[in-house]
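Data block below; observations after.
The values are calculated or read from the model by the stated rules, or taken from the named source; none is laboratory data. Model, not experiment: these values are computed from the prediction. Cβ atoms come from the backbone with ideal geometry, glycine included; neighbour counts cover every protein chain shown.
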Amino acid sequence: MRDLGNEVKTLMAVKPQNQSGDGAVTGEEVDRLGFENCVIGFNAGAATGTPSAVAIACKLQECATSGGSFTDISGATVTIDAESQHKQLNVKLAGVKRYIKAVMTVAFTGGSSPTIDVGASIVLGNAKEVPVS
């Protein structure tokens, strides 16, 4: 019998935090060794400071070595706007380098010192090796 708990790994991709003004929030690197797929959920709370618009560009990046220079994974992007405060991104990791990380770039239009809470979780799945029960 297969055990789902041994086939997936859930991690914090971007620790929940409050972003003040425009800028990027970069998550911790994740070692995806042994997993062939991932699902990442990007989340944003309600903005404060009455901005007329909010856009959060969310993406996944890759790097071959821990602590190295990360680059964007082609097609691994979604945008959160005022109407949707959660977006899910499914990524096949075949051909993706060993280390991945999430980046959420916030852009406000107008407002008085706008802020927004952001965060993301990642689930690594389709483990290459699963323990035998």
Name every residue in region 41-76 that is on the phi > 0 side of the Ramachandran plot and surrounded by 14 or more Cβ atoms within 10 Å (Cβ to Cβ), in order of residue number.
GLY49
Return the total of residues in region 77-87 being over 18 Å from VAL14 (Cβ atoms) and either crowded, with 18+ Cβ neighbours inside 10 Å or among the hydrophobic types (A, V, I, L, M, F, W, C) (or both).
1
Residues (over 16 Å from GLY27 (Cβ atoms), in a strand (DSSP E or B) and either touching a residue at least 40 places away in the same chain (Cβ under 8 Å) or among the acidic types (Asp, Glu) (or both)) located in region 37-75
ASN37, THR48, ALA53, VAL54, ALA55
Taking strands (runs of 3 or more DSSP E) that do not extend beyond region 77-133, which have at least 1 residues that are at positive phi and touching a residue at least 40 places away in the same chain (Cβ under 8 Å)?
115-127
Tally up the residues in region 49-97 that are basic (Lys, Arg) and over 19 Å from ALA107 (Cα atoms), please.
2
For GLU28, all conditions in the list (1) closer than 15 Å to GLN88 by Cα; (2) in a loop (DSSP other than H, G, I, E, B) hold save one; what is the number of the exception?
(1)
Those residues of region 1-20 that are buried (at least 17 other Cβ atoms within 10 Å of the Cβ) and among the charged types (D, E, K, R) come to a total of 1
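Would it be correct to say that SER133 is under 23 Å from LYS9 (Cβ atoms), modelled with pLDDT under 95 and of a type in the set (Ser, Thr, Tyr)?
yes
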Residue tally, condition of a type in the set (D, E, K, R) and over 30 Å from GLY34 (Cβ atoms), over region 73-121:
3
Scanning region 21-40 residue by residue, the ones that are surrounded by fewer than 16 Cβ atoms within 10 Å (Cβ to Cβ), small (Gly, Ala, Ser) and modelled with pLDDT of 95 or more total 2
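Identify, from the list LYS15, LYS59, the residue that is at pLDDT 95 or above, under 14 Å from ASP117 (Cβ atoms), under 13 Å from the mean Cα position of the chain (by Cα) and not β-branched (Val, Ile, Thr).
LYS15
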